[in-house]
Amino acid sequence: MKHRIEIVNGSESFGCPADLDVLRAMECLGRKGIPVGCRGGGCGICKVRVVEGPYRTGAMSRACVSVDEQSDGYALACKLFAEGDLRLQVVGKMARCFAGSAGGFHVYGLQGAASQTNN
Amino acid sequence: MALTGVLRPGHVVLRVMDLDKAVAHYTDALGLIEVARDDKGRVFFKAWDEADHHSVVLRQADEAGMDYMGWKVDSAATLERLAGDVKNSGLVTDTSWIAAGEHPHTGKRFRFTIPTGHVMELYAQKDATGCSTGYLNPEPWPDGLKGMAPSRFDHCLLYGDDLDGTVKLFTEVLGFGLAEEVVAGPEKFRIAAFLSCSNKVHDVAFIRQPMKNKFHHASFLLDNWYEVLKAADIISKRKISIDLGPTRHGITRGETIYFFDPSGNRNEVFAGGYIYYPDKPTVTWTDDQLGPAIFYHDRKLNEAFLSVVT
């Protein structure tokens, strides 16, 4: 049994087996659209909001998804299991890795180690 | 003894969201040995070559991450002296004494919060229940090891905001050396610090980023590069969430692989590195060479490695 996962703020859609979490299903197909982090419900990088469709979730870090958010459809894709076709909004993103000083704000481009200064 | 003051990171306490899955990961896959459980539901582990009772503690919680690290010091007198120095440094908050026995087989601990927001402890006593090979005419390694089977818990890498305050505390109050650092821009603004209290190239490392009290990884020592490759096989065989590797770091020269426990806390197993002496000049890396500094083979940064923390 496969369900269709559609990312509404992107162009991706892919099939997801009922027994596989949405993030793994995406990765297994070599698809992109949801950022991949720890895959264990701990880091919050793959946070999404289910806009439409039935689902269940596994244990997710409360530091990443609050009780209110969870009841509002927020989930971590690595702990999200589709029980029908889903439409998702991607919320999570890779955070900047190094930042901050009184003398300048440094952002390290993650792709090429380029740096820039924003004052 | 030549090594005095703070001896080593003696324990790390991690939060996990499914204790049974976590215990299976840390014993069967990583290859630590479970040594105790307490009435709070905490599980205590050690690596096979460690003498003291435990080095890793898991606690069931509703979020992942690190509760605290504990540092063993050389004597009760040093504990009292350093507790006073830390408290009077003006660099820490939330100081308290934890009673002896709160961790099994462990004496009293002095607890404090450092400028990057992480909770640290100092303690002088933990029962030396012994390593798996014993101390009389020992074999080089014991039978019955499971998984990657590191010989010891080695270090943690932590993320936080006030890197300068934390480095000042560790170097000027706790006596650590700055083995390596990463600096950015023409003003050489420090963005990472690798700190040693021993002959190890790092006992703890910190990276500057905006949020307090974030955990990047806990690391465990293997013997050699082939054991790192075999760890990669175990990661695939057991379908463990891999982060990256096997590769080599420019920083510390370590041969490494990174992966996640079932709650998303990052683990590293590594081999190699070099011997650090307190009079060794600090190795400095510049941000324009950060790719090979972190991943010597790929020579480029990895988004998930730098961004994913618990």
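Since every read-out is calculated from the coordinates, none of them should be taken as a lab result. As the structure is a prediction and not an experimental result, all values here were calculated from the model. Methodologically, a virtual Cβ is constructed for each residue, glycine included, from the backbone with ideal geometry; neighbour enumeration extends over all protein chains shown.
Take every DSSP beta bridge whose two residues both sit in chain B, then give the antiparallel share in percent to the nearest 5. Looking only at bridges with both residues in chain B, the antiparallel portion is about 70 percent. At a Förster distance of 56 Å, what's the computed FRET efficiency of B:Asp279 paired with A:Val51, Cβ-Cβ distance as r, to 0.05? Using R0 = 56 Å, I get an efficiency of 0.40.
Restriction of the chymotrypsin sites (Phe, Trp or Tyr not before Pro) in the stretch B:36-142 to DSSP coil positions whose beta-carbon has at most 11 other beta-carbons within 10 angstrom yields B:Tyr135.
Farthest toward the positive end of the dipole of the protein assembly as shown, out of B:Leu290, B:Gly31, B:Ser89, is the Cα of B:Leu290, where the dipole comes from beta carbon charges about the Cα centre. Farthest towards the positive end of the charge dipole of the stretch B:6-123, among the residues B:Pro104, B:Leu58, B:Gly117, is the Cα of B:Gly117, using unit charges on the Cβ of Lys, Arg, Asp and Glu.
Remark: the B:Lys212-B:Asp288 segment gains 24.8 nm on full extension, using 0.36 nm per residue and subtracting the alpha carbon distance.
Taking the convex hull of the alpha carbon positions in the protein assembly as shown and averaging its projected area over all directions gives 21.6 nm². Run the numbers on the stretch A:2-90 and let me know its relative contact order in percent, using alpha-carbon pairs under 8 Å that are six or more apart. Once normalised by length, the contact order is 39 percent. Take every pair of alpha-carbon atoms less than 8 Å apart whose residues are at least six positions apart; their mean separation over the length of chain B yields a relative contact order of 17 percent. Take the cross-link list B:Lys146/B:Lys239; B:Lys46/B:Lys168; B:Lys21/B:Lys72; A:Lys2/A:Lys79; B:Lys108/B:Lys214; A:Lys32/A:Lys93 and give me the ones stretching past 21 Å between alpha-carbons. Pairs exceeding the cut-off: B:Lys46/B:Lys168; B:Lys21/B:Lys72; B:Lys108/B:Lys214. Taken over chain B, the alpha-carbon convex hull comes to 134 cubic angstrom per residue. The alpha-carbon positions of the stretch B:128-177 define a convex hull whose volume is 155 Å³ per residue. Shielding value for A:27-40 is 4, the average number of Cβ atoms from other chains within 10 Å of each residue's Cβ.
Placing a label point 7 Å from the Cα of B:Asp223 along the Cα-to-Cβ direction, the residues of the stretch B:116-140 whose backbone N falls under 20 Å from that point are B:131-140. Cross-link partners for B:Lys126 among the aspartates and glutamates, with Cα-Cα distance under 20 Å and sequence neighbours closer than 8 places in the same chain left out: B:Glu34, B:Asp38, B:Asp39, B:Asp49, B:Glu50, B:Asp52, B:Asp67, B:Asp74, B:Glu80, B:Glu102, B:Asp154, B:Asp203.
Cβ crowding within 10 Å ranks B:Tyr258, B:Tyr274, A:Tyr74 as B:Tyr274, A:Tyr74, B:Tyr258, fewest other Cβ atoms first. This model, with +1 at the C-beta of Lys and Arg and -1 at the C-beta of Asp and Glu, gives the stretch B:191-310 a dipole about its Cα centre of some 200 debye. Exposed loop sites here mean GluC sites (Glu not before Pro) with a DSSP loop assignment and at most 15 other beta-carbon atoms within 10 Å; chain B contains its longest site-free run at B:188-310. Placing +1 on each Lys and Arg Cβ and -1 on each Asp and Glu Cβ, with no other charges, gives the stretch B:6-123 a dipole about its Cα centre of roughly 280 debye. Put simply, the Cα atoms of the stretch B:154-307 extend 45, 31, 27 Å along their principal axes, the longest span coming first.
The base-10 log of I(q)/I(0) for the stretch B:240-310, evaluated at q = 0.25, 0.26 Å⁻¹, reads -1.17, -1.21 [Debye formula, identical scatterers on Cα atoms, solvent excluded]. Only Lys, Arg, Asp and Glu carry charge here, each on its Cβ (+1 for the first two, -1 for the last two); on that basis the stretch A:1-85 has a dipole of about 280 debye about its Cα centre. Averaging 1/r across all pairs of distinct Cα atoms in the stretch A:2-90 and inverting the result yields a Kirkwood radius of 12.5 Å.
Converting phi to 3J(HN,Hα) with the Karplus coefficients 6.51, -1.76 and 1.60 and the offset θ = phi - 60°, the stretch B:228-236 yields 5, 5, 5, 4, 4, 4, 5, 4, 6 Hz in sequence order, with x at every glycine or proline.
Per residue of peptide A:62-69, the mean number of Cβ atoms on other chains within 10 Å of the residue Cβ is 2. Taking the number of Cβ atoms within 10 Å of each Cβ as an exposure proxy, the fewest-first ranking of B:Trp285, B:Trp141 is B:Trp141, B:Trp285. Using alpha-carbon positions, what is the distance between the centroids of the stretch B:53-81 and the stretch B:196-224, in Å? A separation of 14 Å, based on Cα centres.
Positive-end ranking of B:Pro210, B:His249, B:Gly273 along the dipole of the stretch B:201-282, with charges on Cβ about the Cα centre, is headed by B:Pro210.
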